[in-house]
Amino acid sequence: MLELAAPGLNKEDFKINLEKDLLSVSVKRETEADNTDVTYRRREFTFASFERSFKLPKTVDADKIGAKYENGILFLTLPKMEQAIEKPAREIEIG
């Protein structure tokens, strides 16, 4: 599980890419505010962006990676491959 705090964004602002074993999370956000009054006009532009990349271990099952954005936090689920999960110890009986 990987968690990224990113308050004030929408899930549409995120772009998540996986290339080989490199997982990249990026955000590009542009907003424009236009206030018009009788005597003046004011326009504001805001640009915000970031990008983070993570090298994934070979034990991650890339086909089952999931993402969810909730309450300002992006949750990425990185499940292990079946063969990478250790089997619990068991006792073998002698026949």
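The values are calculated or read from the model by the stated rules, or taken from the named source; none is laboratory data. Please read all numbers here as calculations on a predicted model, not as lab measurements. Cβ coordinates were reconstructed from backbone atoms using ideal geometry, including for glycine residues, and neighbour counts include every protein chain displayed. Remember, those area values only see protein heavy atoms, side chains included, never the ligands or the DNA or RNA. Shrake-Rupley method; radii C 1.70, N 1.55, O 1.52, S 1.80 Å.
Lysine pairs in the chain whose alpha-carbon atoms fall under 25 angstrom of each other, counting only those eight or more residues apart or on distinct chains, come to 29. Between K80 and D63, full extension at 0.36 nm per residue minus the direct alpha carbon distance yields a gain of 5.1 nm. Working note: Debye formula, equal point scatterers on the alpha-carbon atoms of the chain, no solvent; log10 I(q)/I(0) at q = 0.15, 0.21 Å⁻¹ is -0.73, -1.07. Probing with 1.4 Å while keeping every protein chain in the model, the per residue accessible area of the chain equals 87 Å².
Net charge of the neighbourhood of K55, taken over other residues with C-beta under 14 Å away and scored Lys/Arg +1, Asp/Glu -1, is +1. When M1, M81 are compared by accessible area at a 1.4 angstrom probe, the order from most to least is M1, M81. Counting only protein heavy atoms and a probe of 1.4 Å, the accessible surface of the chain is 49% carbon and sulfur.
Loop-resident GluC sites (Glu not before Pro) (DSSP state other than H, G, I, E or B) in the range 1-90 with no more than 13 further Cβ atoms inside 10 Å of their Cβ: E86. Length gained on full extension, K20 to R90, computed as 0.36 nm times the residue gap minus the Cα-Cα distance: 21.6 nm.
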